[in-house]
Amino acid sequence: MSEAGTQLSPAQPAPDKSAAPRLTGPQLELFAQDFFAAIEPSQRPATPPQPLFKAPPALPRFVLPTPPPPLDGTPLRRLQLGAHNLEYALRRSTRRSIGFMIDDDGLRVTAPRRVTLPEIENAIRAKQRWILTKLHERGERRAQREVKAPLAWVDGAQLPYLGEDITLRLKDATRSHCVFDAEARVLEVGVVAGLAEWQLKERVKRWFQAEAKRLFVERLDLYAARLGVTYQACALSAAGSRWGSCTVQGNIRLNWRLVHYPLALVDYVVAHELAHIREMNHSARFWAVVASVYPDYDDAKAALRRRSQEMPVLFTD
């Protein structure tokens with residue numbers, strides 16, 4: 001053996017270069033150490049397995065709103081959803097599926113008469129994440145509205161009307177009156193001696209409601225013709241956050257406070273409710289009907305939500 005390497009004798013066969021190389025003694029020893037180290041249990045704390053999908057963060061516990069009892073005197077129902085005690089109003093109808101409606105007053109559930117109470121509660125549990133999230137969002141928006149400073153009812157106050165401000169002018173008068181100058185954008189109110197602030201607010205509110213009714217009928221007639229539908233009647237509502245409703249008979253109710261918002265947003269709600277005459281649901285077919293006369297309904301929904309948070313507090317009732 002020389003220092004340059006191993007010398008082969010003529011009797012030894014030539015090595016096969018394609019065969020795996022042989023390991024020397026030191027290499028075998030190192031290999032064995034690595035092997036046994038690999039199979040020995042690790043002394044380090046085990047890393048917990050990571051889930052494939054992260055669960056959404058838990059909602060903070062908050063007070064759930066309680067809806068008013070149904071008009072037929074049916075009591076509210078209660079259901080425990082984790083840490084939350086949910087109260088909801090249940091109404092039976094001829095609809096084919098269970099429907100959920102959430103507003104500032106809480107959750108209302110509409111279900112077919114054939115569906116049992118356990119099935120309704122299972123449906124609520126299946127959508128509890130969505131329900132609790134929406135109730136939480138509604139509660140936050142309501143809290144934001146409550147901390148806003150109410151309007152000061154003084155001469156020169158700015159009132160929102162169809163998306164822009166009009167100026168309130170208070171004039172001493174022997175007889176109460178309320179006159180709107182559309183060109184000057186001034187609402188003049190005659191103030192008689194001894195008129196209380198609540199009476200002034202009531203007078204202005206009645207003017208807004210009269211304007212709303214006139215405007216709603218005008219826009220309903222316009223969009224009903226475009227959709228090729230006929231509605232039976234139009235009435236004003238004063239719901240806390242619901243902008244409109246439509247019955248299977250074609251009776252439409254619109255929130256009079258829409259008169260504070262731009263005409264484009266009024267038209268969206270009008271088109272939305274009239275579309276229910278053709279599709280009494282919120283399916284893809286329904287939204288296709290809305291889009292046929294109001295293509296930008298997604299932007300309108302977002303704008304209505306945003307404007308409602310920015311709107312000053314005019315009337316607390």
For this session: Determine whether the stretch 162-170 contains at least one residue that is more than 28 Å from Ala300 (Cα to Cα) and not basic (Lys, Arg).
Result: yes
Exercise. Residues of the stretch 206-229 being over 28 Å from the mean Cα position of the chain (by Cα), closer than 25 Å to Pro150 by Cα and touching a residue at least 40 places away in the same chain (Cβ under 8 Å), which ones?
Worked result: Glu211
For this session: From (1) under 30 Å from Arg278 (Cβ atoms); (2) at pLDDT 95 or above; (3) not in a helix (DSSP H, G or I), pick out the condition that doesn't hold for Leu170.
Result: (1)
For this session: Could you pull out the residue among Glu197, Glu164, Glu188 that is surrounded by 15 or more Cβ atoms within 10 Å (Cβ to Cβ), acidic (Asp, Glu) and in the same structural domain as Glu279 (by TED's automatic domain parsing)?
Result: Glu188
Seminar exercise, completed: Quick count over the stretch 289-301, residues being modelled with pLDDT under 95 and under 22 Å from Gly99 (Cα atoms), is 3
For this session: Look through Ala182, Ala210, Ala173, Ala152 and report the one residue that is surrounded by fewer than 16 Cβ atoms within 10 Å (Cβ to Cβ), of a type outside the set (D, E, K, R) and not assigned by TED's automatic domain parsing to the domain that holds Arg285.
Result: Ala152
Exercise. Got at least one residue in the stretch 277-289 being in contact (Cβ under 8 Å) with a residue 40 or more places away in the chain and basic (Lys, Arg)?
Worked result: yes
Seminar exercise, completed: Residue hits (the stretch 47-100; of a type in the set (Ser, Thr, Tyr), at pLDDT 65 or above and over 15 Å from Lys134 (Cα atoms)) are Thr74, Ser93, Thr94, Ser97
For this session: Pick out the one residue from Arg108, Arg114 that is within 19 Å of Val248 (Cβ to Cβ), of a type in the set (Lys, Arg) and buried (at least 17 other Cβ atoms within 10 Å of the Cβ).
Result: Arg108
Exercise. Is there any pair linking a residue in the stretch 180-204 that is more than 15 Å from Trp153 (Cβ to Cβ) to one that is part of a strand (DSSP E or B), with Cβ under 6 Å and at least six apart or on different chains, and which?
Worked result: Phe180/Leu187; Arg185/Ile166; Val186/Thr167; Val186/Arg169
For this session: Check Arg305, Arg253 and return the single one that is free of Cβ contacts under 8 Å to residues at least 24 places away in the same chain, closer than 30 Å to Glu197 by Cβ and not aromatic (Phe, Trp, Tyr).
Result: Arg253
Exercise. Are any of the residues in the stretch 216-230 touching a helix residue (DSSP H, G or I) at 6+ places or on another chain (Cβ under 9 Å), small (Gly, Ala, Ser) and modelled with pLDDT under 95?
Worked result: no
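Considering only the stretch 198-216, state which residues are closer than 16 Å to Tyr261 by Cα and not charged (D, E, K, R).
Initially, the stretch 198-216 is screened for residues closer than 16 Å to Tyr261 by Cα, giving 205, 207-216.
Passing the criteria: Trp207, Phe208, Gln209, Ala210, Ala212, Leu215, Phe216.
The values are calculated or read from the model by the stated rules, or taken from the named source; none is laboratory data. Please read these numbers as outputs of a predicted model, since none were measured by experiment. Because the Cβ atoms are built from the backbone with ideal geometry, glycine has one as well, and the counts that use them run over all protein chains shown.
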